[in-house]
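Peer 1: Dumping the structure here so I can ask a few things about it.
The values are calculated or read from the model by the stated rules, or taken from the named source; none is laboratory data. Bear in mind that the values here come from a model prediction, so they are computed numbers and not experimental data. We place every Cβ from the backbone using ideal geometry, glycine too, and count neighbours over all the protein chains shown.
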Amino acid sequence: NGKLIIKPSKKNVKAFLEKVRKVVKDHQGTTAGHLILLLNPLIGGWARYHQHVVSKEVFQDVDSAIFEMLWQWARKRHNNKPRRWIKDKYFHDHEGRHWVFTGMVIGRGGVLETVRLFRAAQTPIKRHVKIQGAANPFDPKWEVYFEKRLGVKMESTLRGKRQLLALWKKQKGLCPRCHQRITKLTGWHNHHKIWRSQGGGDQLENRVLLHPTCHQQLHSQGETDLAPNLWKSESLGYTIPEGGAGSCKKCKRPIPQSLSEKLCSWRRPVANRSRKWHVSWASQIPRFINGVRS
């Protein structure tokens, strides 16, 4: 049908298998665990390099070729042992898969750990998504688009994953806008404190992780302050009565008199806890306010 299909070249596959064969041959006397530690980075790196093209069948062929090399390696080490014994020693069942090349290594604290051979076919095929022709990184309306692209790129590279982890730890696992946990279930978006369209860069210091909904709200409202002003009547849709009953010890914001008794009876520590309490009951304010819709 005239569709272009790009696969790893035969020359490239042959060169890779020769490299694997040399590692296996040069380490005939080593343990299975040590051999796995040598092969896994080699296989994983090659597979990730080719994960953006049509590689699924090639990955399976490569895995079969490596299996044959390791089977010969094991038989050569124990040429006086039956095949069943060799299989039971080196090739185990794991997570529904059979014949998984397995070994033991000494981990941290001197404790033995099980390691398994990485299969090229485990690498997911991820198609490269072309950038939209009309996209302009200097136009504010494309800001969210480029932030999403950067987030996807970060998740697909080892360096990007390390940066995500560093940001997550720096934020103590919390979204700076709603102060709730950021998890795989909630998802996250990569946000630039100083927008790229305004000259901001991709440095770690200029980025934060936000919940997708928090990120959408931030851009739709045109705000630059990550922490929302919970006391703006226009954002809540209600008029908050003047006056207060003490203030939050963390953020120093007043607690309205009309909310004091009802909120404290509903969640007593409101006035004595950190600002995240404000956020947690902000969504409940309309139920307790003695005001009118603005």
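Peer 1: Give the residue, chosen from I36, I86, that is modelled with pLDDT of 95 or more and in contact with a strand residue (DSSP E or B) (Cβ under 9 Å, 6 or more places away or on another chain).
Peer 2: Result: I36 is the single residue among I36, I86 that is modelled with pLDDT of 95 or more and in contact with a strand residue (DSSP E or B) (Cβ under 9 Å, 6 or more places away or on another chain).
Peer 1: Looking only at segment 45-52, decide whether some residue is under 30 Å from L4 (Cβ atoms) and without any contact (Cβ under 8 Å) to a residue 24 or more places away in the chain.
Peer 2: yes
Peer 1: Also, I was wondering about something else. Name the residue that is surrounded by the fewest Cβ atoms within 10 Å (Cβ to Cβ), counting only residues in segment 84-129 that are of a type in the set (A, V, I, L, M) and outside any strand (DSSP E or B).
Peer 2: Only one residue tops the list, namely V111.
Peer 1: Same structure again: Does L112 satisfy the criteria of being in contact with a Phe, Trp or Tyr (Cβ under 6 Å, 6 or more places away or on another chain), in the same structural domain as A65 (by TED's automatic domain parsing) and at pLDDT 85 or above?
Peer 2: no
Peer 1: Within segment 172-186, can you find the residues that are surrounded by 12 or more Cβ atoms within 10 Å (Cβ to Cβ) and in a loop (DSSP other than H, G, I, E, B)?
Peer 2: Within segment 172-186, G173, C175, P176, R177, C178, H179, Q180, I182, T186 qualify.
Peer 1: Kindly indicate whether I36 is among the β-branched types (V, I, T) and exposed (fewer than 10 other Cβ atoms within 10 Å of the Cβ).
Peer 2: no
Peer 1: Give segment 93-112 a look and list any residue that's under 17 Å from T31 (Cβ atoms) and free of Cβ contacts under 8 Å to residues at least 12 places away in the same chain, or say none. Walk me through how you get there before you give the answer.
Peer 2: As a first pass, look at segment 93-112 and keep what is under 17 Å from T31 (Cβ atoms): 100-107, 110-112.
Selection gives I106, G107, G110, V111, L112.
Peer 1: So, in segment 196-217, of the ones that are surrounded by 19 or more Cβ atoms within 10 Å (Cβ to Cβ) and touching a Pro at 6+ places or on another chain (Cβ under 8 Å), which residue ends up farthest from K169 (Cα to Cα)?
Peer 2: At the first step, the residues of segment 196-217 found to be surrounded by 19 or more Cβ atoms within 10 Å (Cβ to Cβ) are 196, 207-211, 214-215.
From what is left, the residues that are touching a Pro at 6+ places or on another chain (Cβ under 8 Å) are 196, 208, 210.
Details: R196: 24, V208: 11, L210: 13 Å.
Among those that are surrounded by 19 or more Cβ atoms within 10 Å (Cβ to Cβ) and touching a Pro at 6+ places or on another chain (Cβ under 8 Å), it is R196.
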